[in-house]
Amino acid sequence: MSQPDKTREPPYDGGCLCGAVRYSFSVPTIGARICHCRTCQKAMGAPFLAQASFPKTSLNVTGETARFRSSARLWRHFCGICGTRLFIEPVDAPNRIGIPIATLDDPEVIRPERHIWVSEKLDWVRIDDGLPQHPKASPVPYRDI
Ligand SMILES: [Zn+2]
Ligand SMILES: [Zn+2]
């Protein structure tokens with residue numbers, strides 16, 4: 001029986017808008033968060049970033065991405081053809097990689113678990129999903145890889 005409000009089991013497949021870059025994960029996410037920080041807003045061109053993270057070793061990817069270092073601790077990858085934002089790669093946690101949930105083929109399969117950096121949230125964004133909200137980084141670590 002499906003549970004529409006819960007994260008579903010892997011695999012998780014996704015990719016960019018033009019199809020040049022495809023990715024797949026065969027393991028569960030180690031954390032799914034909605035980040036409201038100003039850097040994510042700017043980098044994504046969106047009011048927030050809903051992101052799911054995985055062990056980097058579990059990533060299967062085809063196609064090439066370009067990347068930009070948005071801060072000392074983060075590379076942000078994107079398709080050089082269509083511009084879709086893809087992988088979020090922490091420099092200080094090289095065994096971890098994130099993807100925007102919206103780039104999944106079925107973006108409903110992974111459900112966010114918490115909001116982070118709500119201190120930088122846009123004023124008109126209303127949160128009524130009942131998830132925990134944290135003013136800055138998550139006090140809850142990623143699950144074990
Ligand atoms: Zn593309
Ligand atoms: Zn952020």
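Would you work out which of C40, L104, P28 lies farthest towards the positive end of the dipole of the chain, given +1 charges on the beta-carbon of Lys and Arg and -1 on that of Asp and Glu, about the Cα centre?
The residue sitting most towards the positive pole is C40.
Hey, which aspartates and glutamates would be in cross-link range of K56, C-alpha to C-alpha under 19 Å, not counting anything within fewer than 8 residues on its own chain?
Answer for K56, where 19 Å is the Cα cut-off: E9, D13, E64, E89, D92, D144, listed by chain and number.
With a probe of 1.4 Å, find how much accessible area segment 5-145 has per residue, and write the answer as a whole number in Å².
55 Å²
In the chain, what percent of the accessible surface is made up of carbon and sulfur (1.4 Å probe, ligands and nucleic acids excluded)?
Working: 4510 of 8230 Å².
The value for the chain is 55 percent carbon and sulfur by accessible area.
Give the cross-link partners of K136 among the lysines, using a straight C-alpha distance below 19 Å as the criterion and excluding same-chain residues fewer than 8 apart.
Qualifying lysines at Cα under 19 Å: K42, K121.
Give me the extension gain from V27 to T39: residue separation times 0.36 nm, minus the current Cα-Cα distance, reported in nm with one decimal.
Full extension of this stretch gives 1.5 nm more.
Need one word for segment 60-113: rounded, prolate or oblate. Basis is the Cα gyration tensor (sqrt eigenvalues a ≥ b ≥ c); a/c below 1.5 gives rounded, then a/b vs b/c decides.
Judged from the Cα gyration tensor, segment 60-113 comes out oblate (a/c at least 1.5, b/c at or above a/b).
So how strong a dipole does segment 16-145 carry about its Cα centre when Lys and Arg Cβ are +1 and Asp and Glu Cβ are -1, to the nearest 20 debye?
In debye, rounded to 20, segment 16-145 gives about 420.
On the Cα set of segment 12-120, report Rg and Dmax in Å, please.
When restricted to the Cα atoms of segment 12-120, Rg and Dmax are 12.8, 37 Å.
How high is the relative contact order of segment 12-120, in percent, counting Cα pairs under 8 Å that sit 6 or more residues apart?
34 percent
For a quick check, take a GNM of the chain with Cα springs below 10 Å and name the residue from G98, G31, G83 with the largest mean-square fluctuation.
G83
Using DSSP, restrict attention to beta bridges with both residues in the chain and report what percent are antiparallel, rounded to the nearest 5. Kindly include the intermediate steps, with their values, before the conclusion.
Working: 30 of 34 bridges.
Beta bridges within the chain, antiparallel portion: roughly 90 percent.
Which one, A52, A137, C79, is farthest towards the positive end of the dipole of the chain when Lys and Arg carry +1 and Asp and Glu -1 on their Cβ?
The listed residue farthest towards the positive side: A137.
Are there trypsin sites (Lys or Arg not before Pro) in segment 55-145 that DSSP puts in a loop and that have at most 14 other Cβ atoms within 10 Å, and which ones? It would help to have the intermediate numbers written out before the result.
Numbers: sites: K56, R67, R69, R73, R76, R85, R96, R114, K121, R126, K136, R143; in loops: R73, K121, R126, K136, R143.
Passing both the DSSP loop test and the Cβ count: R73, R126, K136, R143.
Run the 1.4 Å probe and let me know the accessible area of H77, rounded to the nearest 10 Å².
30 Å²
The values are calculated or read from the model by the stated rules, or taken from the named source; none is laboratory data. None of these values were measured; they are calculated from a predicted model. Please note: Cβ atoms are built from the backbone with ideal geometry, for glycine as well, and neighbour counts cover all protein chains shown. Accessible surface is based on the protein model in full, side chains and every heavy atom, while ligands, DNA and RNA are left aside. Shrake-Rupley method; radii C 1.70, N 1.55, O 1.52, S 1.80 Å.
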